[in-house]
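This report concerns only the one structure given below.
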Amino acid sequence: MSFHGLLVSEKFYSICERFDSHQVQFVDIIGDENLKGYKFMFFNGDLTTKIDYRKTNFILCENMLDEFEVLNENLEPNRENIIDIYKKVCSVSVFKEVIPKNGFSFIGSFDINKYSIFRIGHYDKNYYFSEKVVKALKAENITGITFVESVNFSPFTHC
């Protein structure tokens with residue numbers, strides 16, 4: 001079983017609760033006195049069904065020391081194919097990734113910007129936080145987490 005989420009403090013939780021998130025759940029941790037006052041932040045959402053695969057140009061890359069080498073730019077643009085490539089190729093190598101070359105495009109009227117915290121799922125394991133959330137966390141001196149600017153979304157970062 002795989003848990004998609006983060007161990008967070010009550011303070012982190014109280015800040016995140018002020019923002020709209022996509023299917024994020026906070027669960028108290030019980031049974032361990034060392035983790036009293038902490039919660040597990042589950043990212044339960046699957047936004048892969050909201051992606052416009054014809055407009056999102058997925059590529060298969062090899063990531064060696066943050067230098068990407070494109071292995072295949074001609075991936076069939078549909079959800080099933082991208083997930084299948086991830087399962088067969090990327091899940092067996094930590095160096096291979098399926099990524100959107102120019103960021104994600106979403107279907108119809110779905111607006112990702114209404115969420116400040118989310119996870120795409122399946123082939124994108126990142127947890128995304130808007131700049132507003134990151135600024136709020138930094139203003140409260142939250143430590144123990146590193147955010148990296150996202151190339152797939154603006155103005156989002158991921159951890």
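The values are calculated or read from the model by the stated rules, or taken from the named source; none is laboratory data. Here the structure is a predicted model, which is why all the values come from computation and not from measurement. Cβ sites come from the backbone with ideal geometry, for glycine too, and all protein chains shown count toward neighbours. Heads up: the accessible areas ignore ligands, DNA and RNA and are worked out on the full protein's heavy atoms, side chains in. Shrake-Rupley method; radii C 1.70, N 1.55, O 1.52, S 1.80 Å.
Scanning region 1-42 for residues being polar (S, T, N, Q), part of a strand (DSSP E or B) and within 18 Å of G144 (Cα to Cα) gives a total of 1. From Y86, Y53, which residue is among the aromatic types (F, W, Y), in contact with a Pro (Cβ under 8 Å, 6 or more places away or on another chain), free of Cβ contacts under 8 Å to residues at least 40 places away in the same chain and over 23 Å from T146 (Cβ atoms)? From the options Y86, Y53, the qualifying one is Y53. Taking the criterion of being over 19 Å from the mean Cα position of the chain (by Cα), open to solvent by less than 60 Å² (accessible area, probe 1.4 Å) and without any contact (Cβ under 8 Å) to a residue 40 or more places away in the chain, would at least one residue in region 33-41 satisfy it? Scanning region 33-41 turns up at least one residue that is over 19 Å from the mean Cα position of the chain (by Cα), open to solvent by less than 60 Å² (accessible area, probe 1.4 Å) and without any contact (Cβ under 8 Å) to a residue 40 or more places away in the chain. Taking region 65-120 as the range and being assigned to a loop (DSSP other than H, G, I, E, B) and open to solvent by less than 60 Å² (accessible area, probe 1.4 Å) as the test, the residues that pass are L75, P77, N78, S93, G103, F104, S105, F110, Y115, S116, R119, I120.
Answer yes or no as to whether I59 is hydrophobic (A, V, I, L, M, F, W, C), modelled with pLDDT under 90 and surrounded by 15 or more Cβ atoms within 10 Å (Cβ to Cβ).
So I59 fits the description; yes.
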